[in-house]
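Below is one structure, written out as structure tokens, with a few remarks after it.
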Amino acid sequence: MSNISRETFDQVMVPNYSPMQMIPEKGEGSKLWDTEGKEYIDMAGGIAVNALGHCHPAMVSALNEQAQKLWHMSNVFTNKPALELAQKLIDSTFAEKVFFANSGGEANEAAFKLARKYAKDNFGEEKNEIIAFYQGFHGRTLFTVSVGGQEKYTKGFEPLPGGIKHVEYNNLEALKEVISDKTCAVVMEPLQGEGGIIVPDNEFVQGVRDLCDKHNALLVFDEVQTGMGRTGKLYAYMHTSVTPDILSSAKALGGGFPIGAMLTTDKVAKSFVVGTHGSTYGGNPLGCAVASKVFDVINTPEVLDGVVERHEKFKARLNQINDKYNCFSEIRGRGLLIGAALNESFQGRARDFMNATLAEGALILMAGPNVLRMAPSLLITDDEMEQGLAALERGVAQVVA
Ligand SMILES: *Cc1c(COP(=O)(O)O)cnc(C)c1O
């Protein structure tokens, strides 16, 4: 088919997405080219997925090598790449056991089911409530979207699964009022991504942990967006004084190959006895071989420290743009998960900034209608960064004019 265009999308695809007009065709590092040959700098990173940029040689060779050996077995068998990746995750985190899935939503689905099962096994039928936070995002399956705290994503899909409550993020008093011995788990992102790049206070995170301990509730960290070096540590919980009981990881875990993982302790893992949960593709050798290589590249002081350095450069350049055009009220986030909140004059216009920046040659994201979000490759070079932020500046100039 040679006559493929954006219009083809409307003819053949379910209309749940509204993709950009340009169609990306090839990528290398943080550079991207569309079907017309136009060059862009990618500061969206496939929504915090392409942690090593596009087509990193280490990923390409891991995929090619595994592709010659073994693609798929199902979980009737285990395989070497899955066991190696699980071992690496365990060696570098609080976790003692791993479950593999294919996406963030699936990793969370496993996490929430495990929390329910663990509570039932250890404390009885009554302990089944999940508490999560408004503006949180945990995926699009019916369970995960219900735990997520954004009504716009559940509207029209009722009846929803029960036993889920929501409270305000970064407000310990609100959680205190709702948590009880019926709570089986508190679910949170250690930094809210989709909800607007919200970094909670350390005291809040510690307070959530303490309340969970008091009520024998599990603390589930959704690190699908914040994990794998995105914030400058391997996982964002490592910036805080707490460890979760369950952690979900996906997005950057595969660097662009679909894979998800749920990490937990021996004690909690025991409730997923044979037959309680599963996946046909989860732990697939291709995905695990790629993720294992991505893990090796990211989990080094050079890369993780480099993320922290890049954060400062991004922030300085964004502040410079703001000094000139006065459009942001705050530059926030951690590492290379950066939010630029629009000030009073530009409320609701994040999409305009994103579109103008794209036309000027750089990809950025939104986190709601009032926040520009950037989640570039952890390896983005100074030159790529400057080219991308210069495009953003030209985009800002147009919207502000
Ligand atoms: C993207 C995201 C998810 C969903 O991951 P999918 O791979 O799209 O299912 C879940 N939680 C958080 C925090 C995310 O950012």
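Between ALA261, ALA252, which is touching a Gly at 6+ places or on another chain (Cβ under 7 Å), within 12 Å of the ligand (Cβ to nearest atom) and not acidic (Asp, Glu)? Just one listed residue meets the conditions, ALA252. The set of residues in the range 14-57 that are open to solvent by 40 Å² or more (accessible area, probe 1.4 Å) and hydroxyl-bearing (Ser, Thr, Tyr) comprises TYR17, SER18, THR35. Listed by first and then second residue, the pairs linking a residue in the range 29-47 that is of a type in the set (Val, Ile, Thr) to a residue that is outside any loop (DSSP other than H, G, I, E, B) and open to solvent by less than 10 Å² (accessible area, probe 1.4 Å), with Cβ atoms under 7 Å apart and 6 or more places separating them unless they lie on different chains, are ILE41/ALA362; ILE41/GLY388; ILE41/ALA391.
Residues in the range 263-293 that are open to solvent by 20 Å² or more (accessible area, probe 1.4 Å), assigned to a helix (DSSP H, G or I) and closer than 21 Å to TYR118 by Cβ: ASP266, LYS267, ALA269.
Select from the range 171-198 the residues that are part of a helix (DSSP H, G or I) and touching a Leu at 6+ places or on another chain (Cβ under 7 Å) and write down the one among them that is farthest from the ligand (Cβ to nearest atom). Before the answer, list the steps.
Initial filter on the range 171-198 (part of a helix (DSSP H, G or I)): 172-178.
Next, only the ones that are touching a Leu at 6+ places or on another chain (Cβ under 7 Å) stay: 175-176.
Details: LEU175: 19, LYS176: 24 Å.
Residue satisfying both the conditions and the ranking: LYS176.
Of everything in the range 273-286, what is of a type in the set (Gly, Ala, Ser) and closer than 15 Å to MET262 by Cα? Give them in sequence order. The answer is GLY278, SER279, GLY282, GLY283.
Keeping to the range 249-262, report how many residues are assigned to a loop (DSSP other than H, G, I, E, B) and either open to solvent by less than 30 Å² (accessible area, probe 1.4 Å) or of a type in the set (Asp, Glu) (or both).
Of the residues in the range 249-262, the ones assigned to a loop (DSSP other than H, G, I, E, B) are 250, 256, 258-259.
Next, from what is left, pick out any that are either open to solvent by less than 30 Å² (accessible area, probe 1.4 Å) or of a type in the set (Asp, Glu) (or both): 250, 259.
The qualifying residues number 2.
Listed by first and then second residue, the pairs with beta-carbon distance under 7 Å, at least 6 apart or on different chains, first residue in the range 134-146 and in contact (Cβ under 8 Å) with a residue 24 or more places away in the chain and in a strand (DSSP E or B), second more than 7 Å from the ligand (Cβ to nearest atom) and not aliphatic (A, V, I, L, M), are TYR134/GLY149; TYR134/HIS166; TYR134/GLU168; TYR134/TYR169.
Within the range 294-314, the residues that satisfy the criterion of being surrounded by 16 or more Cβ atoms within 10 Å (Cβ to Cβ) and either among the small types (Gly, Ala, Ser) or not in a loop (DSSP other than H, G, I, E, B) (or both) are VAL294, PHE295, VAL297, ILE298, VAL303, LEU304, GLY306, VAL307, ARG310, HIS311, PHE314. Out of LEU83, LEU63, one residue alone is under 18 Å from SER249 (Cβ atoms), open to solvent by 40 Å² or more (accessible area, probe 1.4 Å) and more than 13 Å from the ligand (Cβ to nearest atom). It is LEU83.
Among residues of the range 171-196 being within 14 Å of the chain's Cα centre (by Cα) and among the acidic types (Asp, Glu), the one that is least open to solvent (accessible area, probe 1.4 Å) is GLU189.
Residues in the range 360-393 that are assigned to a helix (DSSP H, G or I) and crowded, with 16+ Cβ neighbours inside 10 Å: GLU384, MET385, GLN387, GLY388, LEU389, ALA390, ALA391, LEU392, GLU393. Which residues, counting only those in the range 123-152, are out of contact with any strand residue (DSSP E or B) (no Cβ under 8 Å at 6 or more places or on another chain) and open to solvent by less than 30 Å² (accessible area, probe 1.4 Å)? GLY124, GLY139, PHE143, THR144, VAL145 - these are the residues of the range 123-152 that are out of contact with any strand residue (DSSP E or B) (no Cβ under 8 Å at 6 or more places or on another chain) and open to solvent by less than 30 Å² (accessible area, probe 1.4 Å).
Considered as a group, the residues in the range 223-242 that are open to solvent by 10 Å² or more (accessible area, probe 1.4 Å) and out of contact with any helix residue (DSSP H, G or I) (no Cβ under 6 Å at 6 or more places or on another chain) include one that is nearest to the ligand (Cβ to nearest atom), and that residue is TYR237.
The values are calculated or read from the model by the stated rules, or taken from the named source; none is laboratory data. Note that the structure is a prediction, hence the values are computed from the model and not measured. Every residue, glycine among them, receives a Cβ derived from its backbone with ideal geometry; neighbour counts consider all protein chains shown. Just so you know, the surface numbers come from the protein's heavy atoms only, side chains and all, with ligands and any DNA or RNA stripped out. Shrake-Rupley method; radii C 1.70, N 1.55, O 1.52, S 1.80 Å.
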